[in-house]
Every structure is written in C-alpha cells, then in structure tokens.
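Let me begin by presenting the structure, written as structure tokens, before commenting on it.
Bear in mind that the values in this text are calculations on the coordinates, not laboratory data. What you see is a predicted model; the values in this text were computed from it and never measured. Cβ placement follows ideal geometry from the backbone for every residue including glycine, while neighbour counts extend to all protein chains displayed.
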Amino acid sequence: MEKINNLLQDEKAPKLPNFKTGDRIKVFVSIIEGDKERVQPFEGDVISIRGSGASRTFTVRKLSSGVGVERIFHFKSPKISKVDVIKEGNVRRAKLYYLRNLSGKAARIKNK
Amino acid sequence: MPGMLGKKIGMTSIYNSDGDHIPVTVIKAEPCKVVSVKTKEKDGYDALQLGMGAKKKKNISKPELGHYKKHKVDAPFKVKEFSGFEKDKFKTGDEIKVDFFEEGEVIKVRGNSKGKGFQGVMKRHNFGGVGGTTHGQSNRLRAPGSIGASSYPSRVFKGKKMAGRKGNDTVTIRNLTVVKILNEENLILVRGAIPGANNSIVELIKN
C-alpha cells in the first residue's frame, strides 16, 4: 500500500512548512469563480491535525465578524498554493476543540 | 457481462485535475488468462473462463489438474466464468489486461463482504429497537419487538427478519467510476468503497 501511495503521489502537492496545533497560519487557497481562478487567504489558528498519508488534514479556525468559522484542508491538496506561519502558539493539547466554547479574551492562544 | 478478476489492495485518496479530493480503492488486476472458451454448441452457453494468479502445486486437486492439462494452462489461483465477451476473438491462453477498462468508465465490482458474526436485528436489518423508557420498559432497547400476530396466523412468517449471521455475502456495488488505470503496475483505481477485506478477490464487471 505504501508503495502504491508513493506511486500515486501528486507532483502538484504543495510543500507546506512545519506547523503545529496552536499556531496561527495563513492558508492561500485557489478558488474558481465562474471561469476565473484566484487565490484567497484564510487566516486562523490550527486547532487540529489528523490522519496520515494522502488523507492527512488540518483544521483552521478563525472568527469572522463574531462568528466562528472552521475550514478543513488536506495537506496534499493542490488547491493550497502556500501556507505562512504567522506565529507559534504554546498549547498543551493536540486538539484545541475547547476553543469552540470560549469567546473574546479567553479564546486567545499563548505565544511561544 | 464481460469482466476480469482482481485483488483489493486498500483505500487511499487522490486529487483530480480540479484539485478535488477523491477517495479511491486500489485494485490489483493482474492479467487474467483465458482457461477455456465455452461455446453454445459444446457447452450450451457462451462464456470465457478466466483464471487469475498461480496456485501452489500442493493445493491443486486432481480433477482441476486434468482440466488445466487439457487446456494447456498453468493452474490459476481463482477461476471465474464471464459471459458477454466476443468469443471469436479469444482463445485459450490469451490474456485480459487492465487496459480492458478505460478511465472514466462506470463499472460494477462484486466481492464477498466482511463477515460480522452473529448480530442482532439493529445491526443486521437496521431495526430501530424498542423505543421509550416509560410504561415499564426495561432492558428491551435493542430487541426486535413483536415478531407476529397471535391466534391468526399462530406462526411466524417465513423470511421474518431476525438476528443471525451478518456479512460474508456476495455484494455487488454498481456505478463505480474508474478514476485511474496504471497499466504497467496492473492497478485500477475506482471511486469509493468496494466489498471485502484487503487482499480479497473481487470481480470487475463492465456495464
């Protein structure tokens, strides 16, 4: 299976920097509107990294005008052109789902 | 329907040209040898007998060996008959390869599902269980409920869905799209899941 996964690996897969849960990142995703393609940034905190191999994903959470928005990205997705790590967070958990129940000052992540 | 035999390798995911994520099952379909050509005149029906892989010598029974010797082929691991081939084009010893299918084609995949053992009605037949927790109800949450009426018919109807052995059935999944074919490696990738455990033998059937 591993051999086959290597065989199927997409050359278009992006080379992403190393980041961990708790980091604030900016993901540049290409979206298609009609027949035009443009790059849209999505900035937020990484609250979870799960899976392995071709199906490995990360979840980014941000607050958009007071409403929490989460997006799940595949690590190997050719739709991601770039990821910038804005700051490293200092967290004690691998999954930061508790942030969903917090708001305002309590929902901040400590800097490293 | 014409088809061939393959071995389920496992599931993974790939991306299409639009960058969309597609879950795929990888099937290894090594060239299938035509063991014998059945004809209407001789056998009463038209079919191709296809064999896949190689069988260990100690596992070949004498009647099998006779059959393969007659057609001058090596003993395959698994033999299956497929109808619908243009039989004039094939003769014993010919190979059917994975390029028999095309990318984008819609096929059927047939296999034996994983055995689940003795299971209750909720898992086996999607019953709802006995709902409610009042009126004296206790410990009946996963029970089948009533299995029939009383004095008429005074028996349980045949075929009543009850608990029992689940799985290990022949299951056909229709409308699976062929996402990719790797001719050199004899691999075929279909979108979605197929029945059976990894390394189990499946039939790939043309629509």
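For this structure, a couple of remarks:
- For the stretch B:32-96, the calculated P(r) over all alpha carbon pairs, in 10 Å bins from 0 to the bin holding the longest distance, is 22, 54, 22, 2 percent.
- 10 Å Cβ neighbours from other chains, averaged over peptide A:71-81: 2
- Rg of the Cα atoms in the protein assembly as shown, relative to 2.2 N^0.38 Å, amounts to 1.40.
- Distance between the pseudo-spin-label points of B:Ser17 and A:Lys110 (7 Å out from Cα toward the beta carbon): 5.2 nm.
- Nearest-20 debye value, the protein assembly as shown charge dipole, Cβ charges on Lys, Arg, Asp, Glu: 1900 debye
- Top positive-direction residue, dipole computed over the stretch A:5-93 with Cβ charges, set A:Val27, A:Leu63, A:Ala13: A:Leu63
- Charge dipole (Cα centre; +1 on Lys/Arg Cβ, -1 on Asp/Glu Cβ; no other charges) of the stretch B:32-96 amounts to roughly 480 debye.
- In the structure shown, the pairs B:Lys7/B:Lys87; B:Lys166/B:Lys206; A:Lys36/A:Lys79; B:Lys114/B:Lys206; B:Lys28/B:Lys87 are assessed against 21 Å; a Cα-Cα span above that value is assigned to B:Lys7/B:Lys87; B:Lys166/B:Lys206; B:Lys114/B:Lys206; B:Lys28/B:Lys87.
- Dipole of chain B, positive direction: furthest Cα of B:Gly10, B:Val178, B:Ala197, with charges on the beta-carbon: B:Ala197
- Positive end of the dipole of the stretch B:32-96 (Cβ unit charges, origin at the Cα centre): among B:Val34, B:Met52, B:Ala75, the Cα lying farthest that way belongs to B:Ala75.
- Assigned charges on the beta-carbon of Lys, Arg, Asp, Glu; chain B dipole about Cα centre (debye): 1520 debye
- Listed residues B:Arg174, B:Arg124, B:Arg155, most fluctuating in chain B (Gaussian network, C-alpha, under 10 Å): B:Arg155
- Positive contributions from Lys and Arg (+1) and negative ones from Asp and Glu (-1), summed over other residues with Cβ under 14 Å from the Cβ of A:Gly44, come out at +3.
- Once the mean of 1/r is taken over each pair of separate Cα atoms and inverted, chain A shows a Kirkwood hydrodynamic radius of 15.2 Å.
- The stretch B:99-143 and the stretch B:16-86 have their alpha-carbon centroids 31 Å apart.
- Shape of chain B, Cα gyration tensor, a/c cut at 1.5: prolate
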